[in-house]
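Here's the structure, in structure tokens; my notes come after.
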Ligand SMILES: NC(=O)c1ccc[n+]([C@@H]2O[C@H](COP(=O)([O-])OP(=O)(O)OC[C@H]3O[C@@H](n4cnc5c(N)ncnc54)[C@H](O)[C@@H]3O)[C@@H](O)[C@H]2O)c1
């Protein structure tokens with residue numbers, strides 16, 4: 001069993017901590033928040049010691065693995081320091097998305113993990129569902145054939161008015177990761193933004209993407225729509241067939257080209273995924289399993305490098321929004 005600690009005890013950190021307590025591969029040993037009230041409340045609920053600064057906790061508990069579930073500006077500025085502290089202490093790290101809101105710091109996180117031979121994962125939880133796994137299997141079985149295009153969309157309601165690029169940089173690590181998961185690295189991106197009535201930030205956006213392998217794609221996202229259907233949709237098409245994943249885990253449908261008979265996976269009532277929280281459960285378990293098995297760091301599913309690659313696409317999208325031009329991804 002791995003000794004696990006959590007840094008940052010907001011709603012998401014508490015969720016990580018609870019999931020670790022229920023996972024047979026982990027034992028939760030401590031929680032840390034610079035906000036003492038939050039640390040103390042989590043400690044009382046979870047029956048583990050509270051700490052108020054990460055280096056003290058890391059030295060005292062020597063965890064094998066740490067979840068960094070801080071937030072900050074653009075929901076990512078507070079990830080850098082505790083991630084670096086945990087890596088310096090020799091811990092494997094699962095960091096929330098976005099890996100960081102600044103590319104040079106995200107790069108430093110990835111480079112440090114690589115240099116130290118540690119595993120750095122990012123909570124790109126949307127790819128950790130049976131529906132997404134089946135879709136990947138269809139792709140690996142060549143049921144799509146040569147890939148042509150991808151259409152992706154995702155929306156939730158988030159009225160937070162902060163950075164002009166909050167929606168782009170904090171929501172779309174998920175969508176861009178799914179797009180990269182199926183279609184590979186992105187070469188260039190063009191982005192258009194919109195603002196819902198009363199909003200000052202680019203709370204809705206569309207993106208055109210060109211992938212390095214020649215695939216073309218569209219992405220639409222928004223922080224302006226109250227939860228409804230669909231919240232997330234992913235359609236990938238090739239010359240032999242096309243699949244659609246609805247709402248991450250609800251349904252995956254394969255439409256073979258030239259065949260009116262389609263294959264449909266529907267999330268089962270018994271033994272299926274109960275809700276969105278289960279994407280966290282699956283993702284955390286996969287990371288625990290990979291660390292337990294000693295999987296080479298470069299083979300981590302939803303790695304720091306994946307998180308960094310997504311943020312580079314989004315940085316190019318922001319530049320596109322500012323300049324009106326198509327931007328090559330650095
Ligand atoms: N994967 C997903 O589906 C998903 C969904 C929602 C949010 N998130 C991500 O989860 C993260 C946390 O979200 P939240 O709503 O719980 O945030 P939050 O702001 O409510 O909580 C973050 C906590 O981290 C603490 N913190 C900051 N710096 C710290 C440090 N150096 N050491 C210790 N504690 C520190 C803060 O005091 C705060 O209590 C965000 O990055 C967000 O993007 C992911």
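Looking only at residues in segment 68-84 that are touching a residue at least 60 places away in the same chain (Cβ under 8 Å) and more than 6 Å from the ligand (Cβ to nearest atom), which one is nearest to residue 301 (Cα to Cα)?
Checking each candidate, the answer is 68.
Sort out which residues of segment 264-296 are more than 15 Å from the ligand (Cβ to nearest atom) and assigned to a loop (DSSP other than H, G, I, E, B), and write them in order of number.
Of segment 264-296, the ones more than 15 Å from the ligand (Cβ to nearest atom) are 264-272, 274, 288-296.
Residues satisfying the conditions are 267, 268, 269, 270, 271, 272, 274, 294, 295, 296.
Given the structure, is residue 21 more than 21 Å from residue 166 (Cβ to Cβ) and either buried (at least 18 other Cβ atoms within 10 Å of the Cβ) or more than 23 Å from the chain's Cα centre (by Cα) (or both)?
Spelling it out, it is not the case that residue 21 is more than 21 Å from residue 166 (Cβ to Cβ) and either buried (at least 18 other Cβ atoms within 10 Å of the Cβ) or more than 23 Å from the chain's Cα centre (by Cα) (or both).
What single numbered condition from (1) more than 16 Å from the ligand (Cβ to nearest atom); (2) more than 16 Å from the chain's Cα centre (by Cα); (3) not assigned by TED's automatic domain parsing to the domain that holds residue 251 fails to hold for residue 105?
Failed condition: (1).
Just the residues that are assigned to a loop (DSSP other than H, G, I, E, B) and within 16 Å of residue 176 (Cβ to Cβ), please, taken from segment 129-156.
156 - this is the single residue of segment 129-156 that is assigned to a loop (DSSP other than H, G, I, E, B) and within 16 Å of residue 176 (Cβ to Cβ).
So if I check each of 120, 94, 148, which one is touching a strand residue (DSSP E or B) at 6+ places or on another chain (Cβ under 6 Å) and away from the ligand (no atom under 16 Å from the Cβ)?
148
Got a sec? Which of 221, 193, 217 is under 18 Å from the mean Cα position of the chain (by Cα), at pLDDT 95 or above and part of a strand (DSSP E or B)? I'd like the intermediate steps shown before the answer.
Numbers: 193 fails: under 18 Å from the mean Cα position of the chain (by Cα); 217 fails: under 18 Å from the mean Cα position of the chain (by Cα).
Exactly one residue qualifies, and that residue is 221.
Looking at residue 63, is it surrounded by fewer than 19 Cβ atoms within 10 Å (Cβ to Cβ) and away from the ligand (no atom under 13 Å from the Cβ)?
No, not satisfied.
Consider segment 174-202. How many of its residues are more than 14 Å from residue 314 (Cα to Cα), crowded, with 16+ Cβ neighbours inside 10 Å and away from the ligand (no atom under 16 Å from the Cβ)?
Count: 2.
Name the single residue that is surrounded by the fewest Cβ atoms within 10 Å (Cβ to Cβ) among those in segment 228-246 being at pLDDT 95 or above and outside any strand (DSSP E or B).
Once the filter is applied, the top-ranked residue is 239.
Yes or no: segment 38-46 includes at least one residue that is surrounded by 19 or more Cβ atoms within 10 Å (Cβ to Cβ), in a loop (DSSP other than H, G, I, E, B) and within 14 Å of the ligand (Cβ to nearest atom).
For segment 38-46, residues surrounded by 19 or more Cβ atoms within 10 Å (Cβ to Cβ), in a loop (DSSP other than H, G, I, E, B) and within 14 Å of the ligand (Cβ to nearest atom): absent.
The values are calculated or read from the model by the stated rules, or taken from the named source; none is laboratory data. This is a predicted model, so every value here is computed, not measured. Quick reminder, even Gly has a Cβ in these numbers, built from the backbone with ideal geometry, and neighbours come from all protein chains shown.
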